[in-house]
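To start, the structure itself, in structure tokens.
The values are calculated or read from the model by the stated rules, or taken from the named source; none is laboratory data. For clarity, every value in this text was computed on a predicted model and none was experimentally measured. Every residue, glycine as well, gets a Cβ built from its backbone with ideal geometry; the counts of neighbours run over all protein chains shown. Calculation scope for accessible area: heavy atoms of the full protein, side chains included, ligands and nucleic acids excluded. Shrake-Rupley method; radii C 1.70, N 1.55, O 1.52, S 1.80 Å.
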Amino acid sequence: IDFSRGSAVTITVPASLPTGFNCMIVQSGSGQVSLTASSTTLNGKNGTRTSGQYAIMTLVHLGSNVFVVSGDTSSPS
């Protein structure tokens, strides 16, 4: 999913996604992309938002509504 907006974007990760679901999120614009949980658990070593323009973040559903977030990520400041 490519986000080319100039303003920040928040994606809500729902519990309805199937186990094994995965997607790549690209911040091609200047607006940072953040993930937020909705009855899910998001686990990201460095955070759950893109680190800046041209960052790539991956979201993978491991099962039981537990997700792993990886890539060019950062934590909220």
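Within the listed set Gly52, Gly31, Gly20, the residue fluctuating most in the Gaussian network model of the chain (springs between alpha-carbon atoms under 10 angstrom) is Gly20. For the pair Ala37 and Asp2, a Förster radius of 25 Å applied to the C-beta separation gives a FRET efficiency near 0.65, rounded to the nearest 0.05. Excluding ligands, DNA and RNA, the accessible surface per residue across the chain is 54 Å² with a 1.4 Å probe. Surface composition of the chain: carbon plus sulfur atoms contribute 51% of the solvent-accessible area (1.4 Å probe, protein chains only, all chains present).
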